[in-house]
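Heads up, the thing below is written out as structure tokens.
The values are calculated or read from the model by the stated rules, or taken from the named source; none is laboratory data. Bear in mind the structure is a predicted one, so any value in this text is a computation, not a measurement. Counting neighbours? That spans all protein chains shown, and the Cβs are built from the backbone with ideal geometry, glycine included.
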Amino acid sequence: MSRDGLAPKGERPLRADALRNRARILEAAEAVFAEQGASAATDAVAARAGVAIGTVFRHFPTKPDLLKAVVMNLQDRIVGEADAMVRDEGAVSALFEFCTLVMDAGASHRAVFERLAETGVQVRVAEALVRLRPAVEVLLERARDGGAVRNDLTTDELIALLAAVCQEAIADGWNAEFRRRALDLLFEGMRPNGFR
């Protein structure tokens, strides 16, 4: 099974109801893990999704499989939101919204990342941001052209700084106030008259 729910070549594609169940399971897993932590029982995910436990295991044979799918679903959602920001050509401040989105997504899925780390799977913000590089480049160029950020800020610098701040926020479990303060400081350094 591929990440998008489509069957690999040679296998039958999932039926529409199976795709809907998979989406419901992922949505439920995200909510349950956010509320109860990543050690929450798979039964709770099944109950929240309104499916039998066997349906969960048919899609995700192990708990790590489910956790990985939640992370991949999150990344897909962020890619979709970043693409929407790119399409909104008049949004000069979309770069700041994107940075906030990445920070919030990392913080809200901290328990999932920690549980995956216990299985040997490390979620690295920098690696996730590489997938978003084309969108980051467009948003950064738009922000530079609109005078919202300094002209000498490069995509590599932005990705490295945002990844470092978000990774530390996840690792240390920063509260919402501290995350906002860290982003404010990052944004201040990005602005034309920011830190020199």
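Data for the structure
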{"read-out": "Selected residue (criterion: surrounded by the fewest Cβ atoms within 10 Å (Cβ to Cβ)) from residues of region 44-68 that are within 23 Å of residue 128 (Cβ to Cβ) and of a type in the set (Lys, Arg)", "value": "68"}
{"read-out": "Out of 62, 55, 100, 119, sole residue that is of a type in the set (Ser, Thr, Tyr) and modelled with pLDDT under 90", "value": "119"}
{"read-out": "Residue that is in contact with a helix residue (DSSP H, G or I) (Cβ under 6 Å, 6 or more places away or on another chain) and either at pLDDT below 95 or crowded, with 20+ Cβ neighbours inside 10 Å (or both), where the choices are 23, 29, 41", "value": "29"}
{"read-out": "Matching helices (runs of 4 or more DSSP H) fully within region 74-150 where at least 3 residues are closer than 23 Å to residue 172 by Cβ and either touching a residue at least 12 places away in the same chain (Cβ under 8 Å) or of a type in the set (Lys, Arg) (or both)", "value": "94-108, 110-118, 125-131"}
{"read-out": "Residue ranges of helices (runs of 4 or more DSSP H) in region 14-69 with at least 3 members touching a residue at least 60 places away in the same chain (Cβ under 8 Å)", "value": "16-36"}
{"read-out": "So residue 186, is it closer than 28 Å to residue 72 by Cβ and assigned by TED's automatic domain parsing to the domain that holds residue 91", "value": "yes"}
{"read-out": "Answer residue from region 122-155, given it is at pLDDT 90 or above and among the small types (Gly, Ala, Ser) and is surrounded by the fewest Cβ atoms within 10 Å (Cβ to Cβ) among those", "value": "147"}
{"read-out": "Any hit, region 157-173, residues being in a loop (DSSP other than H, G, I, E, B), farther than 20 Å from residue 94 by Cβ and in the same structural domain as residue 78 (by TED's automatic domain parsing)", "value": "yes"}
{"read-out": "Residue satisfying all of: in region 69-91; surrounded by fewer than 17 Cβ atoms within 10 Å (Cβ to Cβ) and over 11 Å from the mean Cα position of the chain (by Cα); modelled with the lowest pLDDT among these", "value": "90"}
